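The values are calculated or read from the model by the stated rules, or taken from the named source; none is laboratory data. All figures in this text were calculated on a predicted structure; none of them were measured in a lab. Don't worry about glycine lacking a Cβ; one is built from the backbone with ideal geometry, like all the others, and counts go over all protein chains shown. Ligands, DNA and RNA are excluded from the accessible area calculation, which covers all protein heavy atoms including side chains. Shrake-Rupley method; radii C 1.70, N 1.55, O 1.52, S 1.80 Å.
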Amino acid sequence: MVAERAEAGTRQRTGLSRLRRWRLRRRVAPLLLGPLYRIYTARLRREVGRAPPPNHVAVILDGNRRWASLAGLAEPGVGHRRGADKIDELLCWCADLRIGEVTVWALSNENLARSQAELSAIHEVLVDKLAALSERADKHAPRMRIRVFGRLGALPERLAETIERVEAQTASHEGLTLNVALGYSGRDELVDATRALIRSLAARRIPAEAMVDQVTSEALASHLYTAEHSDPDLIIRTSGEMRLSGFLPWQSTHSEFYFTDVYWPAFRELDFLRAVRTFQQRERRFGR
């Protein structure tokens, strides 16, 4: 028992020591490396600017909770709020490169199983962020269009009302398009698209035996959440996870993937430019 307590104490001290070192590096590194990062970022910006950018970039915003934990921030939602603020920077980087469409995965269906305290904080962050983005869309030309997709019926009433208002306010805007995936699951999207296609065939009184010939890739695609929008050219996932976790399974058929171990709240323009440069260096054959 004494040995076990001693071992546990050692692990705790080691964990605290690592946390202190991480916090120290976090404070000191920008001071020491900041000038070098700025020079390198400027060089990358010029390099990326010489080649065509992706038209549509999608980002899986992962690592908010882990970033907050490393920073010693225990309040529910604090990491998500920092991550939401990072979206403003992402939009600026995309606008500078003349990227026309951005999709961010902000909340999955699996996330809805988290604690009520964290979910309430996330919903509050989303309400505030969508409202702020709508205001931003009206102030900056060309004005940004905001569109939200997923199983929105499972979201709280206040968040659903905010989504409806923001989409209506920006529907006629012709600038950059921002798609926000909330309560989203790729499997759910395919199920919902199939159901919608069958309903449309039934409404046209297509006989059951003839429906099978009407189920084509084009017909199914027209019922996806993202119908009438382009597929992403580049998908970025932060936090070190090297999988899509069901994000845009249909639309990502010809997407290029870029994985980084940087947590989303700590994601920098430097990291974004590296992802875009990697995309530009790849040869895209589209199955040919």
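Overview of values
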| read-out | value |
| --- | --- |
| For the chain: accessible area per residue (Å², 1.4 Å) | 56 |
| Sparsely packed GluC sites (Glu not before Pro) within segment 131-182, loop by DSSP, other Cβ within 10 Å at most 15 | Glu174 |
| Amide hydrogen neighbours beyond the local backbone of Asn109, cut-off 5 Å, H modeled | Tyr184, Ser185 |
| The chain: relative contact order in percent, alpha carbon pairs under 8 Å with at least 6 residues between | 25 |
| Surface/4 of the Cα convex hull for segment 118-238, nm² | 9.6 |
| Of Pro207, Leu155, Gly246, farthest towards positive along the dipole that unit charges on Lys, Arg, Asp, Glu beta carbons give the chain | Gly246 |
| Accessible carbon and sulfur surface of the chain relative to its total accessible area, %, 1.4 Å | 52 |
| Rounded accessible area of Ser217 (nearest 10 Å², 1.4 Å probe) | 60 |
| Top positive-direction residue, dipole computed over the chain with Cβ charges, set Tyr40, Pro76, Val59 | Tyr40 |
| Amide proton proximity set for Thr177, modelled H, under 5 Å, gap of 5+ | Glu101, Val102, Arg145 |
| Counted charge near Val57, where neighbours are those whose Cβ lies closer than 11 Å (Asp, Glu -1; Lys, Arg +1) | -3 |
| Estimated [θ] at 222 nm from DSSP helical runs (n ≥ 4, -39500 (n - 2.57)) normalised by residues in the chain, nearest 500 | -18000 deg cm²/dmol |
| Rounded to 10°, Cα long-axis angle of helix 2-49 versus longest principal axis of the chain | 60 |
| On Cα atoms only, tilt of 186-203 relative to the major axis of the chain in degrees | 10 |
| Solvent-accessible surface ranking, highest first, for Glu241, Glu75 at 1.4 angstrom | Glu75, Glu241 |
| Option label - semi-axes √(5λ) of the Cα gyration tensor in Å computed here, alternatives (i) 35, 23, 16; (ii) 36, 25, 20; (iii) 29, 28, 17 | (ii) |
